[in-house]
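**Student:** Mind looking over this structure? Questions follow.
The values are calculated or read from the model by the stated rules, or taken from the named source; none is laboratory data. These numbers were taken from a predicted model, which means no experiment stands behind them. Heads up, the Cβs are rebuilt from the backbone with ideal geometry, glycines too, and the neighbour counts pull from every protein chain shown.
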Amino acid sequence: MECLHGKPATFSTTAKGTFWFCGQTPTCNYFCPGDDSYQFEKAIAAWRSTGESQPKCHGHDKLAKMRIVKDQMKESYGRPFFVCSERVNPCSFWMWGDEAPAAIKSTCRHGFRCCMRKVKKEGANQGRMFFCCPNKKEDSCGYFEWAPIEDKDVLGSFCNANFSMPPSYNYFVKNTGEEF
């Protein structure tokens, strides 16, 4: 098992179970319960296939921690995502780990790189992507810009993911034909 640095992760057993974690300094915030090690290995491989570096949260400028979707009833079961690593006062940072972000040219009025979100409200724009301030709603500067329509399916240009048969899903990288 490797941490997000690509170095061997440290293994430990306690009364609460076994787990893997990053033993490097500075840490990449990797933490994996022993029962989830297979899913985390697949998730890390999916993240590495994007060619992206580990993201930093906008609120604290710290490396984000990777998590996986654990709800077997969800279509995205097993997918990696990143969240703020701050324990006491985490910011609202969140992004999928297996999608290469679209070329974001915009910065909000705070000077932060905009985040991409999807319209959830029912209506003509439901499912459409847009750029906005990465801060929480109450701290937002109100910046808003529609994403170009071709950026709606960012993952499609890099690889195809099959999450329909949890817990065994496969990624097929279009460029190389590699499947994992």
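**Student:** I need a count of the residues in the range 7-22 that are out of contact with any Asp or Glu (no Cβ under 9 Å at 6 or more places or on another chain), at pLDDT 90 or above and part of a loop (DSSP other than H, G, I, E, B).
**Tutor:** Residues meeting the conditions: 3.
**Student:** Turning to a different aspect of this structure: Looking at the structure I just gave you, is SER37 within 30 Å of ASP139 (Cβ to Cβ), hydroxyl-bearing (Ser, Thr, Tyr) and not in a strand (DSSP E or B)?
**Tutor:** Taking the combined requirement at face value, the residue does not satisfy it.
Per-residue answers, yes or no, for (1) in the same structural domain as GLU138 (by TED's automatic domain parsing); (2) free of Cβ contacts under 8 Å to residues at least 24 places away in the same chain; (3) more than 13 Å from the chain's Cα centre (by Cα):
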{"position": "CYS3", "(1), (2), (3)": "no, no, yes"}
{"position": "ASN29", "(1), (2), (3)": "no, no, yes"}
{"position": "GLN39", "(1), (2), (3)": "no, no, yes"}
{"position": "ALA64", "(1), (2), (3)": "no, no, no"}
{"position": "ILE68", "(1), (2), (3)": "no, no, no"}
{"position": "MET73", "(1), (2), (3)": "no, yes, yes"}
{"position": "SER76", "(1), (2), (3)": "no, no, no"}
{"position": "ARG79", "(1), (2), (3)": "no, no, no"}
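Every residue, every condition in (1) modelled with pLDDT of 80 or more; (2) loosely packed, with under 14 Cβ neighbours inside 10 Å; (3) more than 21 Å from THR50 (Cβ to Cβ); (4) not small (Gly, Ala, Ser), yes or no:
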| residue | (1), (2), (3), (4) |
| --- | --- |
| MET116 | no, no, no, yes |
| LYS120 | yes, yes, yes, yes |
| ALA124 | yes, yes, yes, no |
| TRP146 | yes, yes, yes, yes |
| CYS159 | no, no, no, yes |
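**Student:** Which of the residues that make up the range 106-132 are within 14 Å of MET95 (Cα to Cα) and either more than 18 Å from the chain's Cα centre (by Cα) or part of a loop (DSSP other than H, G, I, E, B) (or both)?
**Tutor:** CYS114
**Student:** With the checklist (1) loosely packed, with under 15 Cβ neighbours inside 10 Å; (2) farther than 30 Å from THR107 by Cβ in hand, flag the one item CYS32 doesn't pass.
**Tutor:** (1)
**Student:** Does the range 68-96 hold any residues that are assigned to a strand (DSSP E or B) and more than 25 Å from ASP139 (Cα to Cα), and which are they?
**Tutor:** Once the filter is applied, which keeps residues that are assigned to a strand (DSSP E or B) and more than 25 Å from ASP139 (Cα to Cα), the range 68-96 yields ILE68, PRO80.
**Student:** Then there's this: For the range 23-52, which positions are aromatic (Phe, Trp, Tyr) and modelled with pLDDT of 90 or more?
**Tutor:** Those that are aromatic (Phe, Trp, Tyr) and modelled with pLDDT of 90 or more: TYR30, PHE31, PHE40.
**Student:** Could we say that PHE93 is touching a His at 6+ places or on another chain (Cβ under 6 Å), of a type in the set (Phe, Trp, Tyr) and surrounded by fewer than 19 Cβ atoms within 10 Å (Cβ to Cβ) here?
**Tutor:** No, not satisfied.
**Student:** Yes or no: ARG109 surrounded by 14 or more Cβ atoms within 10 Å (Cβ to Cβ), touching a residue at least 12 places away in the same chain (Cβ under 8 Å) and among the charged types (D, E, K, R)?
**Tutor:** Judged against the criteria, ARG109 is not a match.
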